[in-house]
Amino acid sequence: MNLEIIEYPNKMLKEKSEKVEKFDARLHELLDAMYPIMMASNGIGLAAIQVAQAKQVLLINIPDEEDKQSHENLLEIINPVITKTSGQTSYQEGCLSVPSFYEDIDRFEQISVNFQDRDGNTKSIDANGLLAIALQHEMDHLNGILFIDKLSYSRRKKFEKEYKKMLKEKKNNKHIM
Ligand code: QAP
Ligand code: CO
C-alpha cells in the first residue's frame, strides 16, 4: 500500500470518516502501512484521513519516560467513541497535515473511549495527559476537524498568513533546486 500524508488546505481533510465494518486483511494492510509513515514523519498520532483513507482508523504512539517511541506502545484505534470526559487542559498542538505550525488548544483533561482493535474486539481506555490530548486530536480528524479549526478568529487569521507564506517559500525552493 503506497500512502502519502495529505496537507492543509487539501479539502479531503474536511471529510467525515466511515465506520469500519470489515476487520479484514485490507484493514491490517492500512494499519501496517500507516505506522512507518507516522514514524518517518516524527509523528505521535496519525488518522487514516491524513493518508486519504476516509475510515475511522487512527494510530497513537506516545513516547516513554526516555522520550523514545516503541512499537510495543502503539495503539491501533478503530471506530472510537468518547464515553466520558472531565477537566480541562491546554497543550501546544501540531499536526502532520499542518506542518510547522503549533498553537495552544483547549481539550478535556481526562477521557474514556470505547473502540475496536484490528480484529474487531471491543476495548476501552481511560486516558489522561498527552494520550488524552492525542486521542481528542485524532478523533477530531475522523469528523473532518483540524486543530486550526479550534483557533479564535484572530489566531486563525495569523495562521492563514503564516501558512501561506510558508507554502510560497516551499514553492520557491523547488524552483531554485
Ligand atoms: C497530534 O501530531 C497531537 O508540524 C499528533 O513539522 C498533537 O504527531 C497529539 C509533527 C499534539 C498530541 C499533542 C508536526 C511533526 C507531528 C509538525 C503530530 C512537524 C513534524 C505532529
Ligand atoms: Co493531526
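The values are calculated or read from the model by the stated rules, or taken from the named source; none is laboratory data. Worth saying up front: this structure is predicted, and the values here are computed from it rather than measured. Glycine also receives a Cβ, built like all others from the backbone with ideal geometry; neighbour counts cover every protein chain displayed. Heads up: the accessible areas ignore ligands, DNA and RNA and are worked out on the full protein's heavy atoms, side chains in. Shrake-Rupley method; radii C 1.70, N 1.55, O 1.52, S 1.80 Å.
When Rg and the Kirkwood Rh are both derived from Cα coordinates, the Rg/Rh ratio for the stretch 120-177 amounts to 1.20.
Roughly how tilted is helix 25-40, in degrees to the nearest 10 and between 0 and 90, from the longest Cα axis of the chain? That works out to roughly 50 degrees. Once C-alpha pairs closer than 8 Å and six or more residues apart are averaged by separation and normalised to the residue number of the chain, the relative contact order reads 22 percent. Once the 1.4 Å probe is applied to the protein heavy atoms, the chain comes out at 60 Å² accessible per residue. A dipole drawn for the chain from +1 and -1 charges on Cβ atoms has a positive end, and of Y163, V57, S70 the residue lying farthest that way is Y163. Mean-square fluctuations from a GNM of the chain, with a 10 angstrom spring cutoff on Cα atoms, peak among A134, A52, A40 at A40.
Residues considered: E29, E138, E18. Largest GNM mean-square fluctuation over the chain, using C-alpha springs under 10 Å, is found at E29. Here the extension length gained between Y153 and N173 equals 4.2 nm, from 0.36 nm per residue of separation less the Cα-Cα distance.
For the chain, the longest principal axis of the C-alpha atoms and the axis of helix 153-176 are separated by about 70°. Extension gain, K22 to N114: 0.36 nm times the residue separation minus the Cα-Cα distance gives 31.4 nm.
Comparing M38, M139, M166 in a Gaussian network model of the chain, where Cα atoms under 10 Å apart are tied by springs, the biggest mean-square fluctuation is seen for M166.
Dimensions of the stretch 42-177 from C-alpha coordinates, computed as largest minus smallest value along each principal axis and given longest first, are 51, 33, 33 Å. Between helix 129-142 and the chain there is an angle of about 80 degrees, using the helix long axis and the longest principal axis of the Cα atoms.
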